[in-house]
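So the structure is just underneath, and the comments pick up after that.
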Amino acid sequence: MLDVRRLRLLRELAHHGTIAAVAEALAFSPSAVSQQLSVLEREAGVPLLERTGRRVALTPAGQNLVRHAEAVLERLEQAVAELAHARRGLAGPLRIGTYPSAARAIIPHALAQLASRHPGLEPMVTEVDPASVAAAVRAGELDVALVHEYDLVPTEPEPGLAVTQPVFTEPMYLAATAAGTVAGHRRSPWIVAPAGTLCRAMAVRACRAAGFTPQVRHQVDDFATVLALVAVGQGVGLVPHLGAADPPPAWC
C-alpha cells in the first residue's frame, strides 16, 4: 500500500524540481524528504527517481505515479471537507490568500458577507503574490485565494487546483506626470514590481510589446507608493484600477 504522505512529497518534487525546494516548502529537512522518497520507491517496487549529481528527475513510472497522486490527493481533500461539513457545517479556519489591492478593496466586504452567512468560519487573510499561490495551496498554507492575471501574462493550469470563473476585469493605467503612451516613455525611468512577480512580468512585457525594454529605476510592490513616486517625477509605471488612489470612473 502506498503511503499518502509520501505521495504528497513526490507530487511536490514534480512541482518544485529539487528536494531542497520541497523541504523548504513543507518545513522538512532535505534528508527527511530523501528518506521518505526512498521508502516510497521500495513501496512502489520500481525506480521513481533518477539521480544525476545532486539533482533528481522523475522516471516515467514516477511521472505516472504523480498523475495518480494528484487525483488521489484531490479526492482525499474533498472527502475531508465533506466530513467537516457533515460534522458542523461550514466552520473552522479558512485561510485566504489575496493580493494587496484586492485586500483593501474587495476582501473586507467579502469577510463581512462570510461572517453574516457562515458565522462558524474563522477567516484568516494573507497577502501573497499570485505567482506563489499554487505552491501555498498545495502545501496546505492556503485553502482558497483571490488572484489576478494579465492578458500579457497568461497563467498555466495547475494540476490538482481548481480555478473558478473571473470575478471582474479592470483596466491598467499608465501613471506619468505628462500625457503619453507606454511607447512614448521608452526613455523614461520606470517603477516596476520586484522580480518574480506577475506585475513585474506584465510591465516588462507591455514595454517590450511597445518596442523597448524599460529602464528600471525603482522596484516597488505597492501601487500607492508607485503613484507617490510618479507624482514627484521619479519615473512612470503601470497601475491597475484597484491600485489607483483616485481611479478614473470608467471600468471595463
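The values are calculated or read from the model by the stated rules, or taken from the named source; none is laboratory data. All figures in this text were calculated on a predicted structure; none of them were measured in a lab. For neighbour counting, all protein chains shown are included, and Cβ atoms are generated from backbone atoms with ideal geometry for every residue, glycine included. The area values use the complete protein model at the heavy-atom level, side chains included, leaving out ligands, DNA and RNA. Shrake-Rupley method; radii C 1.70, N 1.55, O 1.52, S 1.80 Å.
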**Request:** Scan region 22-35 and report the pairs whose first residue is within 16 Å of Ser132 (Cβ to Cβ) and whose second residue is outside any helix (DSSP H, G or I), with Cβ atoms within less than 8 Å and a gap of 6+ or a chain change.
**Result:** Val22/Phe28; Ala25/Ala139; Leu26/Ala139
**Request:** Please state which one of Val46, Val128, Val80 is without any contact (Cβ under 8 Å) to a residue 40 or more places away in the chain, β-branched (Val, Ile, Thr) and in contact with a Phe, Trp or Tyr (Cβ under 9 Å, 6 or more places away or on another chain).
**Result:** Val128
**Request:** State all residues of region 184-233 that are among the polar types (S, T, N, Q) and in contact (Cβ under 8 Å) with a residue 12 or more places away in the chain; if no residue qualifies, say none.
**Result:** Ser188, Thr197, Gln215, Gln219
**Request:** Hey, can you tell me all the residues within region 37-67 that are open to solvent by less than 70 Å² (accessible area, probe 1.4 Å) and within 15 Å of Gly17 (Cα to Cα)?
**Result:** Leu37, Leu48, Leu49, Val56, Ala57, Leu58, Thr59, Gly62, Val66
**Number of the exception - Val226 against (1) closer than 18 Å to Gly243 by Cβ; (2) modelled with pLDDT under 85; (3) not in a loop (DSSP other than H, G, I, E, B)** = (2)
**Request:** Collect the residues in region 113-128 that are of a type in the set (Gly, Ala, Ser) and either within 18 Å of Pro93 (Cβ to Cβ) or surrounded by 12 or more Cβ atoms within 10 Å (Cβ to Cβ) (or both), keeping them in residue-number order.
**Result:** Ala115, Gly120
**Message:** Can you tell me how many residues within region 229-247 are open to solvent by 60 Å² or more (accessible area, probe 1.4 Å) and at pLDDT below 90?
**Reply:** 2
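Mind checking whether some residue in region 91-101 is touching a Gly at 6+ places or on another chain (Cβ under 9 Å), loosely packed, with under 14 Cβ neighbours inside 10 Å and over 30 Å from Gln35 (Cα atoms)?
Scanning region 91-101, I find at least one residue that is touching a Gly at 6+ places or on another chain (Cβ under 9 Å), loosely packed, with under 14 Cβ neighbours inside 10 Å and over 30 Å from Gln35 (Cα atoms), so the answer is yes.
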**Message:** Out of everything in region 19-33 that is open to solvent by 40 Å² or more (accessible area, probe 1.4 Å) and not acidic (Asp, Glu), what residue ends up being modelled with the lowest pLDDT?
**Reply:** Ala27
